[in-house]
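All remarks here apply to the structure that follows.
Quick note: the coordinates plus some simple rules give every number you see, no bench work behind them. This one's a predicted model, so the numbers in the text were calculated from it and none came from an experiment. Cβ atoms come from the backbone with ideal geometry, glycine included; neighbour counts cover every protein chain shown.
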C-alpha cells in the first residue's frame with residue numbers, strides 16, 4: 001500500500017488488463033508463435049516444389065501478419081506492462097523480483113525476434129534463387145525466437161497458478177520449472193499453430209482469387225496443417241487441465257459464466273466444445289473438398305478461436321482467485337503474510353496515500369470509502385463492471401441495506417465466495433466499510449483513482465497509538 005491506487009470506476013481495472021492482454025495473445029499466438037512457422041512452411045513448399053505461387057502466397061500472408069504484429073501486437077505488449085503496473089504494481093513487482101533474469105532473457109530474445117522478422121520480411125524478394133534456401137532458414141530462426149519468447153513467459157504464468165517448490169527454496173529455477181509450466185507449454189504450442197491456420201484461412205480471401213487453383217490448394221494445405229496440430233492440442237489441454245491445483249477447480253464454473261449464472265456452466269462447456277468441433281469440421285471439409293468451402297466458412301475458425309482463447313484466458317486468470325500469485329499474494333495486492341499485521345493494526349494505519357487515519361463517527365463514511373479503495377477496487381467498481389451496488393441489490397433487494405449486516409458478511413464472504421480474498425482490515429474498518437456500502441443504496445458514488453484526483457496523504461499513526469482490534 002505504498003503506491004497511489006489507479007482505478008477505472010466504469011470499466012473495472014482488471015477489464016482493462018483483460019482487453020489488452022487477450023488482444024495481444026490472439027496476435028502473438030496466431031501471427032507470431034504459430035503464424036511464422038506456417039509462413040515458413042508455405043515458403044518451403046514453394047522452394048521444394050519449384051512452384052513460385054506458394055512463395056507469393058507465403059509473402060502475402062506474412063505481409064498481413066507482419067503489419068499487425070509490429071503495430072497492434074507491439075502496442076498491446078507494451079500495454080500489458082503499462083496496465084498491470086497501474087492496476088496491481090505489487091504483483092508485477094513481486095514477479096519481477098523473482099523472474100528478473102527470465103524477463104531480461106526474454107527481452108534479449110524479443111529484440112532478436114524483431115531484428116529477424118525485419119530481415120525476413122524485407123529480404124524476401126532480394127534473397128531469391130540460390131539464396132532462397134538461406135532465406136527459409138532465416139525464417140526457421142525467426143520461428144524459434146518467436147516460440148522462445150512465449151516459452152519464457154509461460155513459465156511466469158504457470159508460477160502464478162502454482163509456485164511449486166519455490167515456496168520452500170525460493171530459487172529462479174524452481175520458479176520457472178513449476179508444475180504448470182510444461183503442461184501449459186505443451187498446450188499453448190499446438191494451440192498457437194492451430195490459431196495460425198485459422199487466421200491463415202481468414203486471410204486467404206484477401207490474398208487469393210475466388211475459385212482459383214491457388215486458393216483451393218492453400219485451403220487444403222492450411223486445413224491439413226490445422227488437423228495435424230489438433231491432436232497435440234487436445235492432449236496438451238488435457239495434461240494442463242489435470243495439473244490445475246485441486247483448490248482452484250471449484251472456480252471453473254464461475255469463471256465460465258458468472259456467480260449468478262453458474263448453473264449454466266455445463267451449457268457453456270457444451271457451447272465451447274461445439275465451437276471446437278465446428279473448427280475441426282471446417283478443417284476436415286477444407287482438406288477434402290477445398291473448392292466447395294465458402295468464403296464465410298474461411299472466417300469462422302478465426303472468429304471462434306478468438307472466443308475460445310478469450311474464454312481460456314478468462315478462466316486461467318479467474319481460477320487463481322483469491323490469489324494473484326498462488327499462496328503468496330491475494331488479488332487485492334496484499335501479501336498473505338501481511339494479513340495478521342493489517343488485521344491487527346488496520347489498513348489505514350499502514351496506507352501511505354489515504355485521507356483518513358483514525359475512524360470516528362464523523363469520518364466513518366470517508367474511512368469506509370478509503371478502505372473500499374484500498375481493499376476492493378482491484379476487482380470491483382461502484383456502478384460499473386462488477387459493481388458492488390449491483391451485488392448488494394442482488395443480496396438485499398429494495399429493503400434498507402443494513403450496515404451491520406453488510407459488515408458481518410464482509411467478514412465471512414470468503415467462505416461463501418471462495419474466489420474472494422478475506423477482508424484484510426480490522427473490525428473497526430470493516431464496520432466503516434459496511435456503513436459506506438450501505439450508504440450507496442441512496443447515495444450514488446463514483447470512486448476515481450489517483451490518476452484523476454491526485455494523491456492525499458496524512459501523517460501515519462504512531463505504533464503506540466494503534467489499538468489492536470478483536
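Using a 10 Å cut-off on Cβ atoms, rank the peptides 448-456, 416-424 from the highest mean neighbour count down.
On the way: 448-456: 13.1, 416-424: 18.7.
Final packing ranking: 416-424, 448-456.
Here the simple spin-label model places points 7 Å from the Cα toward Cβ, and for residue 239 and residue 119 these points are separated by 3.2 nm. Estimated from the Cβ-Cβ distance and a Förster radius of 22 angstrom, the FRET efficiency linking residue 336 and residue 100 is about 0.50. Comparing Cα centroids, region 21-62 and region 370-432 end up 50 angstrom apart. Need one number: nm distance between label points at residue 396 and residue 413, each 7 Å from Cα along Cα→Cβ, rounded to one decimal. Here the answer is 1.2 nm between the modelled labels.
Would you kindly work out the equivalent ellipsoid of region 338-465 from its C-alpha gyration tensor and give its semi-axes, the square roots of five times the eigenvalues, largest first in whole Å?
Values: eigenvalues 105, 58, 41 Å².
Three semi-axes, in Å: 23, 17, 14.
On a 0 to 90 degree scale, rounded to 10, what angle separates helix 427-439 from the longest Cα axis of the chain? That helix lies at roughly 70 degrees to the long axis.
Normalising the Debye intensity of region 285-343 to I(0), with uniform scatterers on Cα atoms only, and taking log10 at q = 0.16, 0.21, 0.26 Å⁻¹ returns -0.65, -0.83, -0.98. Between the alpha-carbon centres of region 182-217 and region 131-164 there is a gap of 18 Å.
In the chain, the calculated helix contribution to ellipticity at 222 nm averages -21500 deg cm²/dmol per residue, counting -39,500 (n - 2.57) for every DSSP H run with n ≥ 4. Taking the C-alpha atoms only, the angle from helix 35-49 to the longest principal axis of the chain is near 10 degrees. Rounded, prolate or oblate for region 72-122? Axes are the square roots of the Cα gyration tensor eigenvalues, ordered a ≥ b ≥ c, and the cut-off for rounded is a/c under 1.5. Note, shape of region 72-122 comes out oblate. For region 248-283 versus region 83-108, the spacing of their alpha-carbon centroids is 31 Å. Once the chain from residue 344 to residue 212 is taken as fully extended at 0.36 nm per residue, the excess over their C-alpha distance is 40.2 nm. Projecting label points 7 angstrom from Cα along Cα→Cβ for residue 81 and residue 246 puts them 4.1 nm apart. The C-alpha atoms of the chain define a longest principal axis, and helix 403-416 lies at about 40 degrees to it.
Under the rule a/c < 1.5 gives rounded, and otherwise a/b versus b/c splits prolate from oblate, where does region 334-394 land using the Cα gyration tensor? Because a/c hits 1.5 or more and a/b fails to exceed b/c, region 334-394 counts as oblate.
Each of the peptides 192-200, 259-267 was scored by the mean count of other Cβ atoms within 10 Å over its residues; in descending order, highest first, they stand as 192-200, 259-267. Panel order for 282, 22, by other beta carbons found within 10 Å of each beta carbon, from fewest to most: 22, 282.
Kindly rank 153-160, 407-414 from highest to lowest mean number of other beta carbons found within 10 Å of each residue.
Details: 153-160: 21.2, 407-414: 16.4.
Descending packing order for the listed peptides: 153-160, 407-414.
Here region 1-105 is described by how far its Cα atoms reach on the three principal axes: 64, 35, 14 Å, from widest to narrowest. Judged by the ratio a/c of the largest to the smallest principal axis of the C-alpha gyration tensor, region 13-330 counts as oblate, that ratio being 1.5 or greater while a/b is no larger than b/c. Here residue 280 and residue 358 are evaluated by their C-beta separation; at R0 = 56 Å the FRET efficiency comes out at 0.35.
Which FRET efficiency value, to the nearest 0.05, do you get for residue 174 and residue 131 by plugging their Cβ-Cβ distance into 1/(1 + (r/R0)^6) with R0 = 51 Å? It comes to 0.65.
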